[in-house]
1. Test each condition in (1) out of contact with any Gly (no Cβ under 7 Å at 6 or more places or on another chain); (2) farther than 24 Å from Gly147 by Cβ for Val63 and report the one that comes out false.
2. Can you tell me which residue in the stretch 104-116 is most open to solvent (accessible area, probe 1.4 Å), limited to those that are in contact with a Ser or Thr (Cβ under 8 Å, 6 or more places away or on another chain) and in a loop (DSSP other than H, G, I, E, B)?
3. Tell me, please, whether a residue that is open to solvent by less than 60 Å² (accessible area, probe 1.4 Å), on the phi > 0 side of the Ramachandran plot and at pLDDT 95 or above can be found in the stretch 65-77.
4. Does at least one position in the stretch 80-94 carry a residue that is over 11 Å from the mean Cα position of the chain (by Cα), farther than 19 Å from Val144 by Cα, at pLDDT 95 or above and polar (S, T, N, Q)?
5. Kindly provide the set of residues from the stretch 158-196 that are part of a loop (DSSP other than H, G, I, E, B), open to solvent by less than 100 Å² (accessible area, probe 1.4 Å) and at pLDDT 95 or above, ordered by number.
6. Here are the criteria: (1) surrounded by fewer than 20 Cβ atoms within 10 Å (Cβ to Cβ); (2) farther than 23 Å from Gly139 by Cα. Tell me which single one Lys42 does not satisfy.
7. So which residues in the stretch 54-63 are under 11 Å from the mean Cα position of the chain (by Cα) and either of a type in the set (A, V, I, L, M) or open to solvent by less than 80 Å² (accessible area, probe 1.4 Å) (or both)?
Amino acid sequence: MRLNQYTTGTYTPGAPLFQQLLWFFLGDPLVRSRLLPFSGLKVLILRWFGAKIGQGVRIKPGVRIKFPWRLTVGDHVWIGENAWIDNLALVTIESHVCLSQDIYLCTGNHDWSDPHFQLITAEIYIEQRSWIAARAVIGPGVRVAQGAILGLGSVTGRSLAAMTIYAGNPAQPIKKRTIREAVPEMIQNTSESLTPNSKFSVAE
């Protein structure tokens, strides 16, 4: 291959140059900053730059996002310290997803058979209630089905089945994920359960 002849072909970043520069020099440093600990402000900045983000999203310090205008996040998503969302293509993260520390979402690849090392991009889609554990890596074109888990330090270039736990490099299915039923909260009617002679009687 001849890297001096490399071009991005028809690929574009998807935003005008002034928006890219504002993000590079202003937005990105603020979102990454450890001096700006509040998730709400980081979410607001990302929305200003075109990201679609739901409610209750938590963004830890050091998070890197290539292009916020190519990011869609649902409700109550956690994004851990130093996570890197390298979204040359669209990355979609549904609600109640946990992205742990140092994860890497890679949407770009190259055609190694092309003499000009052609750029190839593909979307990543993570369905609800999934967990991408610390230092895991997801490659271009991967879809993580609902409730799947990619284990600590694991790497996948293939889509993951629903409610399945994967580990290793390349990641392999280990077992099905099961979730215990929530224990219903006990509801007490104080006025009925306490006797008039009780120390904590309503009458007192």
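The values are calculated or read from the model by the stated rules, or taken from the named source; none is laboratory data. Everything quoted here is computed from the prediction, not taken from an experiment. Here the Cβ positions follow ideal geometry from the backbone for every residue, glycine too, while neighbour counts run over all protein chains shown. Note: accessible area is taken over every heavy atom of the protein model, side chains too, but ligands, DNA and RNA are not part of it. Shrake-Rupley method; radii C 1.70, N 1.55, O 1.52, S 1.80 Å.
1. (2)
2. Just the residues of the stretch 104-116 that are in contact with a Ser or Thr (Cβ under 8 Å, 6 or more places away or on another chain), to begin with: 107-109, 116.
Retained after the next criterion (residues that are in a loop (DSSP other than H, G, I, E, B)): 107, 116.
On the way: Thr107: 0, His116: 78 Å².
Only one residue fits best here, namely His116.
3. No: the stretch 65-77 contains no residue that is open to solvent by less than 60 Å² (accessible area, probe 1.4 Å), on the phi > 0 side of the Ramachandran plot and at pLDDT 95 or above.
4. So far as the stretch 80-94 goes, yes, one or more of its residues are over 11 Å from the mean Cα position of the chain (by Cα), farther than 19 Å from Val144 by Cα, at pLDDT 95 or above and polar (S, T, N, Q).
5. Correct list: Ser159, Ala161, Ala162, Met163, Gly168, Pro170, Ala171, Arg177.
6. Only one criterion in (1) surrounded by fewer than 20 Cβ atoms within 10 Å (Cβ to Cβ); (2) farther than 23 Å from Gly139 by Cα is unmet by Lys42, namely (1).
7. Looking only at the stretch 54-63, we keep the residues that are under 11 Å from the mean Cα position of the chain (by Cα), and these are 57-59, 63.
Across the stretch 54-63, the qualifying residues are Val57, Ile59, Val63.
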